[in-house]
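Just below is one structure, and these are the notes that go with it.
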Amino acid sequence: MVNVPGDRFWMNYKVISMAPYFRRRGMIFVDGKPLEQVDSYNDLFGTSGRSTNNYEDLRWQPLFDEIGGAGGKFWVDQKGNNIFVRLPNDDPPEKHLIEATVQEQVFAPADRGLGYIRLKGISFQHGADPFPMPQSGMVAANTGNHWIIEENTFEWANAICLAIGSGLGGGGGSMAQPSGSHIVRNNTIRYCGIGGIEGLGSGRVGVIEKNLIEWVGWQDAEREWEAGGIKLHSVRDGLFRNNVIRHMRHAAGLWLDVSNVNNRITGNIIADVVSVSGAIHIEGMHEQSQIDNNVIWGVKNSEPTGTGQVGAAGSGIFIQGTDKLIIAQNLIANTQGIGVYAVTVEQRLIGTRGGTARENKVYNNVFYGWGTAAIGFANEHNQADGNMYASGGRGAGGYLRILNPEPQQWLDVPAGREFYGWEKNGAAGGVEELSFDIDKLTMTLVPRGDWPKVAIFNSIDTDLFGAPAGERRSPGPFANLSTGFKQRNVDPRRR
């Protein structure tokens, strides 16, 4: 069986390499670490195409170099009858413990729609699930409701580590209640080939908080459009709080896809994302949701050439055909592309209308080290105020842009204020020192000079740590930056 089910294979954009989609979906582990599946017999005896990419051309170093695979390789013949294995150091098999995955799912109920189940303190590893669709997942709630999934470890899924939505397929039984209303907290989710937590038709997803999600996307199959640390469809009333999402490789950090209503993404660290998309991707949403008090740090394009998904590669927050989104009190730093980037999707009807990318509000954020712009609105029918455009990183003039209609408008704070009434409380300032250790989760942030205080917006009166902000606060996710701080632990899971 190949990674993509034959009757569900579709893509509406170019594909750089088809190989990830047609590799065999099984995995082989040696002493608990994966072998690299190669695409030809000859690749067993030299450096494969998957092992030559590096950050110099803004591609990711492959899984097996970057996070330490077993060092060996395997190849499956075209008929699927034989597996050719080359072990690390050309060792004989008797020197190692060798495991081949044989099950699509490690844990899933036989019946659909079961409710009030608790998974706690379990280690789930080595699933051979297919690429979506369907979303089977190494562990799957199978359209269940009111699950508590906490303090577990999910590692090495071929595709998805944890699937919590509906539409998963399989199983009998009737659904007494709609799927969703889950609590997913304090889990470690890593080394997932496509997605960490995913759900199709997620409904009232519940709370996803204080999870560590890292090293997701190593299959290099973004252009099936299901790759993300968290990737959910049709989410209502979801709370995504105090998660650490880092080291994404060919995957967005957090992606809410189509028909999402009333969700809040708050207090998260999303860092080191290499993707054709953005660190946060909000798609096809017509009702209000909010992104606040987050740190977004270090986003790059995963393609050596091109601009990724409709120009979004390397963006901090990608607004795709989405209206009424609130983006407030975040730190968005070191993005290869645009810090907040918006496009219309006028011909894709969600409900009965297309996505206008209007009435989005970007308030009280700190932008540092952007690529071509800090903010790129799709049109003038949006709002920006109270943002700090901090020098010291990349990005000089024209950091506030209106991308359509042509010709584009490249503005600074005074021009945005004069022509559109934006940034009445915004400013361009400086940073004396700003650094972040993504693995240790320690940050230094020292402003240059006095940054202005801004009024509380939309009742966001606490900061990333839950500290009261007062009636007026500093831009960004930290309540008081009068003197800044050095080597502060910013791990939001400590709250």
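The table for this structure:
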quantity	calculated
Members of the range 243-252 that are closer than 27 Å to Pro178 by Cβ and touching a Ser or Thr at 6+ places or on another chain (Cβ under 8 Å)	Ala252
Condition broken by Asp257, with the remaining ones in (1) out of contact with any strand residue (DSSP E or B) (no Cβ under 8 Å at 6 or more places or on another chain); (2) within 17 Å of Gly229 (Cβ to Cβ) satisfied	(1)
Qualifying strands (runs of 3 or more DSSP E) (wholly inside the range 364-462; at least 1 residues being among the small types (Gly, Ala, Ser))	375-377, 383-385, 388-391, 427-437
Selection within the range 50-96 - modelled with pLDDT of 65 or more, in a loop (DSSP other than H, G, I, E, B), out of contact with any helix residue (DSSP H, G or I) (no Cβ under 9 Å at 6 or more places or on another chain) and of a type in the set (A, V, I, L, M, F, W, C)	Ile67
Whichever residue in the range 439-495 is surrounded by 12 or more Cβ atoms within 10 Å (Cβ to Cβ) and of a type in the set (Val, Ile, Thr) and, among such residues, is nearest to Ala390 (Cα to Cα)	Val446
Boolean, Trp451 is at pLDDT 95 or above and over 24 Å from the mean Cα position of the chain (by Cα)	no
Among the candidates Ile282, Ile270, Ile265, residue that is within 21 Å of Gln219 (Cα to Cα), buried (at least 24 other Cβ atoms within 10 Å of the Cβ) and of a type in the set (Val, Ile, Thr)	Ile270
Condition met for Leu331 (under 24 Å from Pro477 (Cα atoms), buried (at least 24 other Cβ atoms within 10 Å of the Cβ) and more than 12 Å from the chain's Cα centre (by Cα))	yes
Residues within the range 270-286 that are polar (S, T, N, Q) and part of a strand (DSSP E or B), tallied	1
Matching residues in the range 257-269 - criterion: being in a loop (DSSP other than H, G, I, E, B) and either in contact with a Ser or Thr (Cβ under 8 Å, 6 or more places away or on another chain) or not small (Gly, Ala, Ser) (or both)	Val258, Ser259, Asn260, Asn262, Asn263, Asn268
From Val340, Val366, Val362, Val345, residue being in contact with a Pro (Cβ under 6 Å, 6 or more places away or on another chain) and of a type in the set (Val, Ile, Thr)	Val366
Residue list for the range 105-140, restricted to those being in the same structural domain as Asn186 (by TED's automatic domain parsing) and among the acidic types (Asp, Glu)	Asp129
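The values are calculated or read from the model by the stated rules, or taken from the named source; none is laboratory data. Please read these numbers as outputs of a predicted model, since none were measured by experiment. Using ideal geometry, Cβ is built from the backbone for each residue, glycine included, and neighbour counts are taken over all protein chains shown.
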